Structures are given as C-alpha cells and as structure tokens.
C-alpha cells in the first residue's frame, strides 16, 4: 500500500518575522562567530528561546577526531537542558555561514532532529524551528515531526 507524507511549513522573509523571532535569528547569526570549524569551514549558529524569553546560543564545534565534534543545534539544546532543566524551549533558530563569511542555508542533521524530538517528548510541547536560507527565504516548522516524520521513540 502506497502512502503519502505531507510536510507543513511556512516560508517568509526575514523582515516578516515577529520581533522576537527576528531577535532570535540575530542571536543565531551572532553564534556563528563562535563556531570552531577548521575542517568544514562551515560555521553554524543556533539560538533557542525559553518560555521565559531567555535566549541560549550554540555553535558547531568540530574536532579532528571526527565524530567527536557537535552541531550548533545540539550545543544549544544541551546547554539549555543543563542550565535550565525545567524550562520549556519554545523556538530554535538555525543559520549557517559559508567559507566566504556569507550567511547561507542550514537545516538540522538527523541526529539533531532526533534530539529535538526527544526535547519535545520530554517537555510535552512542540518546538518551533526556524531555518535561515536567505534574507528572503526563512522556513518555519511547527514541531519536529515536520522535519523528521518517523521519529524514533520508545
């Protein structure tokens, strides 16, 4: 039996984001400056907003002993889990910066998507994910299942 999976998301321009989402995206852009990416030369920044408005940033941290590095998304999520264990994460913004220093598209890898899924399960609330592709193309996903349709769960 053949079935079809539909993925729902919004597409907008950066200028169309709410003030709080624009501020979060700017924090993710700032986080790219702290990336340690000597091997890929691809700097990724992530910023998440907790229910109380607190913003936690993360950036990719590479290591010569691959896969010992960590993605920006997991860096931010694990920092929030460690520092604010009882707080609900509402939104996560992700942006990349290429070798020439130009902002570019970034979307979470499979491992990050699975970690985001567990965050949703743990907190009992969907996580909004904002992915920067360009100033004129921002994708907004309401819940990780839009990014990872067959989530591993127990």
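Just so you know, all these numbers are worked out from the coordinates, no wet-lab data involved. In this text, all values refer to a predicted model and were calculated from it rather than measured experimentally. Methodologically, a virtual Cβ is constructed for each residue, glycine included, from the backbone with ideal geometry; neighbour enumeration extends over all protein chains shown.
Couple of notes before you dig in:
- The mean sequence separation of alpha-carbon pairs under 8 Å and at least six residues apart, normalised by the residue count of segment 70-121, gives a relative contact order of 35 percent.
- Value of Rg to Rh for the chain (Rh from inverse mean 1/r over Cα pairs, i.e. Kirkwood): 0.96
- Cα centroid separation, segment 45-61 to segment 62-112: 9 Å.
- Rel. contact order, % - alpha carbon contacts under 8 angstrom, at least six apart, the chain: 24 percent
- Beta bridges per DSSP, both residues in the chain: antiparallel share near 85 percent.
- Residue of 79, 28, 117 that the Gaussian network model of the chain assigns the largest fluctuation, springs spanning Cα pairs under 10 Å: 79
- Highest mean packing comes first when the peptides 91-102, 62-73 are listed by Cβ atoms within 10 Å, giving 91-102, 62-73.
- A P(r) calculated from all alpha carbon pairs of segment 32-118, with 5 Å bins opening at zero, reads 3, 15, 26, 25, 17, 9, 4, 1 percent.
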